[in-house]
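The values are calculated or read from the model by the stated rules, or taken from the named source; none is laboratory data. Everything numeric here is computed off the predicted structure, so don't read it as measured data. As a convention, Cβ positions derive from the backbone with ideal geometry for all residues, glycine included, and neighbour counts pool all protein chains shown. Surface accessibility is based on the protein's heavy atoms, side chains included, excluding ligands, DNA and RNA. Shrake-Rupley method; radii C 1.70, N 1.55, O 1.52, S 1.80 Å.
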Amino acid sequence: MKLDANGKPDGRPLWAGNELPTVEAEENVRNRIAASWKASGCLVVEGELDDDGLAVSRIIGGC
């Protein structure tokens, strides 16, 4: 979980691992996420992270 300026969780989960989780989203969104991951980039997305992977409703922008 990402922390805010006061060291408290900001409510946004942070994913960092060796592999990208399973992403459920429109194809163009999945492709953009995969390209960013491959380039060691960072994106802020709106969605849910659970045991099945990441369900993304939209990309908000870069980090």
Most to least accessible of TRP15, TRP37 (protein chains only, probe 1.4 Å)
TRP15, TRP37
Could you check the simple spin-label distance between ASN18 and ASP50, using points 7 Å along Cα→Cβ, in nm with one decimal?
2.7 nm
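With all protein chains present and a 1.4 Å probe, how do CYS42, CYS63 order by accessible area, largest first?
Details: CYS42 70, CYS63 105 Å².
The most accessible residue leads, giving CYS63, CYS42.
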In sequence order, what are the phi-derived ³J(HN,Hα) couplings for the stretch 50-58 according to the Karplus relation 6.51 cos²θ - 1.76 cosθ + 1.60 with θ = phi - 60°, rounded to whole Hz, with x for glycine and proline?
9, 5, 8, x, 10, 9, 10, 8, 6
